[in-house]
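Read the structure below first, then the notes.
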Amino acid sequence: MPKCLSVLFALTLVACGANSPSPVPLAGRTKSGSCLVEVRPTPWPIPLNEPFELTVELFDGVTGERSESQVFLEVDAWMPSHGHGMLRKTRVQQVEPGQYQVSGMLFHMEGEWELRIAIAQQQANGDFFQVVRDELALPIEL
Amino acid sequence: MKRSRVLLALAVLCTASCFGNSAAEEVRAQFTERELARILRTALVAPMPDPTNAFEGNADAIDLGRRLFYDQRLSGNGEVSCASCHDPAQGWTDGRQKAVGVNETGAHTPALTNVAHNRWFFWDGRADSLWSQALQPIEHPDEQGGSRLQTLHLLAEDPDLAELYGRVFGELPQEEVREAYPRNGRPVPEEPEHAHQLAWASLSEQQQQEVNLIFSNAGKAIAAFERCITTNSTAFDRFVDGLRTGDADDLAAISAEARSGAALFFGEARCHLCHSGQMLSDLEFHDVRVPRSGDVEPGRWDGIAALVADPFNGAGVYSDDKSQSANVELRHLRRTRHNAGEFKTPSLRDVSRTAPYMHSGAFSTLEEVVEHYSTLEGAAPFTHEDSERVLIPLNLDQAEKRQLVAFLRSLTAPLPAPSLLAPAAALKQSVVANHNL
């Protein structure tokens, strides 16, 4: 085997063996614009029909600083052109303020997916509290 | 997971380094890069271990499972074994639209080739392991019509089975203990006066647990055997090897017509959306509008409810996986209104031997299946308006239909090895083979 091919071979094996997250996060702003969301799937690229996880980070939409707010996250995925979504429900765990780990992700079909993230937050409104819900959808091509 | 990705990388590298000859280039040029990647993902590797069954690789468990698989004495009338419907000579199915056990059942028999690769079992996925699947037909009143108490007595009273069981799982209860157990019995909570239920209710909780443990072990032995029903030596597998290595003989393992069918299957016809990966199945559930005469079938909707309620599921006390990560699939299970009318995508490996087709056996031939997807004439209405929107008529011409069928026939596996046949049948086949030498 030529030397350059051996090096390529070794590099590819290392790359395939690594269970590393995506080097560049998928990112978007919620509908209200108040929150920036970064998502890193692990492993990357996302494997077809195999489980993967997400690390989700929330940042203030104005200052860009990591969000310290106490929020509840819902994560799901949908295939707009198919009319159905992911067959599993996810579990979201807070790792630290503004950072969440999502398990239970699995894209069972090839095609265009839409990662749907909903953020619910309790806000004071005069004498009472209300739950404010914000959301975003990130396209992912598998 | 890592293994399959490494294999894909290896495949791409080998393909790049070995495609020096023009014949290989010509074959490869029939496919786009994405189609090639999809085809290479069909390369079959060993199934993932099932941590809920600690005995799956045990030679004695496999032997015991093989004997139980072919043993008619597990049935209520002494005439039906697992193999009555899962006939190795017929692609591990029975050739019938609806299976016939002690009575005619409402289900079409699924094939068992490479069955251990599945994520869920039965058309509606109401079992999450091969061993818990194996238990249900034994007790189904229309399938084998037996019971867990009957299984216990059979294991204990047949010296060969008892010895094998003892080697794998430990000693069965002594005769004086077994005398307290009725000959037949199983839980039938929906029929409190059923003889099996009355017998079951006569046992203490501790006795019931002991019986359940022995019954689950019988299932684990059968699963250990069924895990051996595997083949990756179809003509298409050889062709895939050829794509990797450039070997001219392997590339010629399927006809030009079948190659064109593969290009359609993994390309324009988009069959690969559901029929992907090693099993040519996404192992999940869809409503593909199979013609039906009655109401919407519950399908996966009922399957999920039954799975969650099953004491032999991966979260149950009879599972051998006690780790923190146990039962991860069950934890993420989701039941939605879309599940009604959905059935599991069947594997297409060895599909030419497993007619009739679809969960209801609605189509007699592969040609009829292809025609269904080509026109959707007579298709059942979608269960939900927003169901599988990508399911639209393919409008195939006659040549394309022939190509798809030729591709499907290239997935035919060799006949099962003697080690998978009933002990007597294996001996007969071996004698015939020797005679022909």
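Scanning segment A:87-108 for residues that are outside any strand (DSSP E or B), free of Cβ contacts under 8 Å to residues at least 40 places away in the same chain and facing chain B (nearest Cβ under 8 Å) yields A:Leu87, A:Lys89, A:Thr90. Considering B:Arg244, B:Arg186, B:Arg227, B:Arg238, the condition of being free of Cβ contacts under 8 Å to residues at least 24 places away in the same chain, of a type outside the set (Gly, Ala, Ser) and buried (at least 17 other Cβ atoms within 10 Å of the Cβ) is satisfied by B:Arg238 alone. Among the residues of segment B:91-137, those identified as surrounded by 20 or more Cβ atoms within 10 Å (Cβ to Cβ), among the polar types (S, T, N, Q) and more than 21 Å from B:Gly299 (Cβ to Cβ) are B:Thr113, B:Asn114.
The helices (runs of 4 or more DSSP H) found wholly in segment B:9-81 and carrying at least 3 residues that are at pLDDT 90 or above and farther than 27 Å from B:His275 by Cβ occupy B:59-69.
Matching residues to (1) in contact with a helix residue (DSSP H, G or I) (Cβ under 6 Å, 6 or more places away or on another chain); (2) charged (D, E, K, R); (3) part of a loop (DSSP other than H, G, I, E, B):
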| residue | (1), (2), (3) |
| --- | --- |
| B:Lys98 | no, yes, yes |
| B:Gly106 | no, no, yes |
| B:Thr113 | no, no, yes |
| B:Arg119 | no, yes, yes |
| B:Gly125 | yes, no, yes |
| B:Trp131 | yes, no, no |
| B:Ala134 | yes, no, no |
| B:Pro137 | no, no, no |
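Looking across segment B:279-304, the residues that are in contact with a His (Cβ under 7 Å, 6 or more places away or on another chain), facing chain A (nearest Cβ under 10 Å) and surrounded by fewer than 22 Cβ atoms within 10 Å (Cβ to Cβ) come down to B:Ser281, B:Glu284. Within segment A:109-134, how many residues are more than 10 Å from chain B (Cβ to nearest Cβ) and either in contact with a His (Cβ under 7 Å, 6 or more places away or on another chain) or not in a strand (DSSP E or B) (or both)? Residues that pass the stated criteria total 2.
Tallying residues that are in contact with a helix residue (DSSP H, G or I) (Cβ under 9 Å, 6 or more places away or on another chain), closer than 19 Å to B:Ala380 by Cβ and of a type outside the set (D, E, K, R) within segment B:317-350 yields 5.
When A:Pro47 is tested against (1) surrounded by fewer than 16 Cβ atoms within 10 Å (Cβ to Cβ); (2) in contact with a helix residue (DSSP H, G or I) (Cβ under 8 Å, 6 or more places away or on another chain), only condition (1) is not met. The residues of segment A:35-50 that are within 11 Å of another protein chain (Cβ to nearest Cβ) and over 21 Å from B:His117 (Cα atoms), listed by number, are A:Pro43, A:Pro45. Scan segment A:59-79 for residues that are more than 9 Å from chain B (Cβ to nearest Cβ) and within 30 Å of B:His338 (Cβ to Cβ) and the total you get is 8. Would you pick out the residues in segment A:87-142 that are touching a Gly at 6+ places or on another chain (Cβ under 7 Å) and among the charged types (D, E, K, R)? Correct list: A:Arg88, A:Lys89, A:Arg91.
The values are calculated or read from the model by the stated rules, or taken from the named source; none is laboratory data. Remember, predicted model here, so these are calculated numbers, not experimental data. With ideal geometry, Cβ positions are generated from the backbone for all residues, glycine too; neighbour counts draw on all protein chains shown.
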